[in-house]
Amino acid sequence: SGRSLSAFKRDFEHQFHTSPALWIKHKRLEYASFLLENSSQNVSEISMEIGYESVSHFIKAFKEKYGFTPVTYQRAKIAIV
């Protein structure tokens with residue numbers, strides 16, 4: 001965009017009320033929840049697909065955002081359907 005990194009970050013935070021890194025993290029986790037609901041992939045496969053190198057780090061981040069582990073989340077969504 002032809003601006004400095006700090007100017008970009010400042011404008012991004014003003015627009016989205018979060019840092020670019022946190023925004024990306026939340027989008028990745030939202031996609032993970034979509035995959036858990038709509039695919040037959042296991043947690044390890046989903047973790048790799050959304051870019052986490054460590055499955056345990058993915059599980060921790062997912063639980064922090066949704067309050068459930070990915071497996072519990074997936075089972076709850078299957079039970080509702």
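The values are calculated or read from the model by the stated rules, or taken from the named source; none is laboratory data. Because the structure is predicted, anything quoted here is derived from the model rather than measured. Cβ sites come from the backbone with ideal geometry, for glycine too, and all protein chains shown count toward neighbours.
Things to note:
- Residue match in region 16-26 (condition: more than 14 Å from the chain's Cα centre (by Cα) and either at positive phi or touching a residue at least 60 places away in the same chain (Cβ under 8 Å) (or both)): yes
Each row is one residue, and each column tells you yes or no for (1) of a type outside the set (Val, Ile, Thr); (2) surrounded by fewer than 15 Cβ atoms within 10 Å (Cβ to Cβ); (3) in contact with a helix residue (DSSP H, G or I) (Cβ under 7 Å, 6 or more places away or on another chain); (4) at pLDDT 95 or above.
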site: Ala32; (1), (2), (3), (4): yes, no, yes, yes
site: Gln41; (1), (2), (3), (4): yes, no, yes, no
site: Ser44; (1), (2), (3), (4): yes, yes, yes, yes
site: Ser47; (1), (2), (3), (4): yes, no, yes, yes
site: Gly67; (1), (2), (3), (4): yes, yes, no, no
site: Thr72; (1), (2), (3), (4): no, yes, no, no
site: Lys77; (1), (2), (3), (4): yes, yes, yes, no
